[in-house]
Amino acid sequence: MADGTSVPIDVIAPARVRARRNTMQRFAQRRSTTGFLLCLPLILLIAAFVIYPAFYAIYLSMLNKKMTAFVGLGNFQFLLKRHTFQLVIFQSCLFAVTSVVLKAVIGFILAHLMHNIPGKNQRIWRGLLLVPWVIPLALSTLTWWWMFDPSYSAFNWVLNQFGIANVPWLGVGWTARFCTIAVNVWYGTPFFMIMYLAALKSVPEQLYEAAAIDGANTIQKLFFVTLPMMRNIIAITVLFSLIVTFADFDIVRILTAGGPQDMTHVFATYAFQIGIQSGDIPLGAADSLFMFPILAFAAFFVLRGVTRRTKEIAA
């Protein structure tokens, strides 16, 4: 103290404890702190099952086949020189982009049809159309494999009734590609439908009424009211589906296992073949990492567009 007297310790200590307690209470009452604590278990799970495996895969991709020596980018250079891997890149992009575009278009059409069905009937049809997305993918793909099988193909039986010869659905390159894309579209379209249906229900009816007063027809309402109001949800849905489709494994593995002549391999199935079946885990890790720059490029442009449109709406 200034006058030479000292404050007892038993007076200072409780004051410090109270100040610390008040600080902790204010910290705990902040919404951001509460949100972080609630999300902490999920953050730890993501760190354990996503972030750590991702960095470990990067580490593995820079080792030799015996995982005893560091080779840097040697595995990536080796893959890029292989004709089979060039086919994998082409097929993965073709499979993902074609499937996502078809799912988006068909899902948009189905969402509009569902939106115009009244009440109870809409719930029934919505439940029926969600069945492909609810059934486990491996199980439904096995059913498709049976329908494409050359000996017991249900499709060939129908064609035979019209005098058309059997089609080797999974035995010819482009036909097999078409089959894998068709199964992916069948499985993923209900997801697009339910997302777009939710977005359609959030579009204010007053906008359609105002457009009708201005003389807009159905097509004009679609392009100048519906699509602008749904742009963000369309972009996010397409991005999410693109990520999932690029990483698809079950459909290609069950239907064709990458054949015929490696013409239906995607990144996931080819990584399984060279990493697990051939025993070259570092090369398989390098193959799987090729998806990252492609998806990062797509995510950057999609999310940048979403952010820009959100700022325009807020302004």
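Values computed for the structure shown
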| quantity | calculated |
| --- | --- |
| Leu283 among the hydrophobic types (A, V, I, L, M, F, W, C), open to solvent by less than 40 Å² (accessible area, probe 1.4 Å) and touching a helix residue (DSSP H, G or I) at 6+ places or on another chain (Cβ under 7 Å) | yes |
| Verdict on Arg123 being among the charged types (D, E, K, R), within 26 Å of Thr175 (Cα to Cα) and open to solvent by 50 Å² or more (accessible area, probe 1.4 Å) | no |
| Residue check for Ile194: in contact (Cβ under 8 Å) with a residue 24 or more places away in the chain and out of contact with any helix residue (DSSP H, G or I) (no Cβ under 7 Å at 6 or more places or on another chain) | yes |
| Helices (runs of 4 or more DSSP H) enclosed by region 178-250 - at least 1 residues per element that are within 16 Å of the chain's Cα centre (by Cα) | 227-246 |
| Wholly enclosed helices (runs of 4 or more DSSP H) of region 1-120 bearing at least 2 residues open to solvent by less than 100 Å² (accessible area, probe 1.4 Å), at pLDDT 70 or above and of a type outside the set (Gly, Ala, Ser) | 31-46, 52-60, 74-81, 83-115 |
| Members of region 200-216 that are free of Cβ contacts under 8 Å to residues at least 40 places away in the same chain and under 21 Å from Val105 (Cβ atoms) | Ser202, Val203 |
| Every residue from region 129-148 that is of a type in the set (A, V, I, L, M) and more than 23 Å from the chain's Cα centre (by Cα) | Met147 |
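Yes/no matrix, rows are residues, columns are (1) at pLDDT below 90; (2) within 22 Å of Tyr270 (Cα to Cα):
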| site | (1), (2) |
| --- | --- |
| Pro204 | yes, no |
| Gly215 | yes, no |
| Thr218 | yes, no |
| Leu222 | yes, no |
| Asn232 | yes, no |
| Ala247 | yes, yes |
| Ala257 | no, yes |
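The values are calculated or read from the model by the stated rules, or taken from the named source; none is laboratory data. Just so you know, these numbers come straight off a predicted model, no measurement behind them. Backbone-built Cβ (ideal geometry, glycine too); neighbour counts: all protein chains shown. For accessibility, only protein heavy atoms count, side chains too; no ligands or nucleic acids. Shrake-Rupley method; radii C 1.70, N 1.55, O 1.52, S 1.80 Å.
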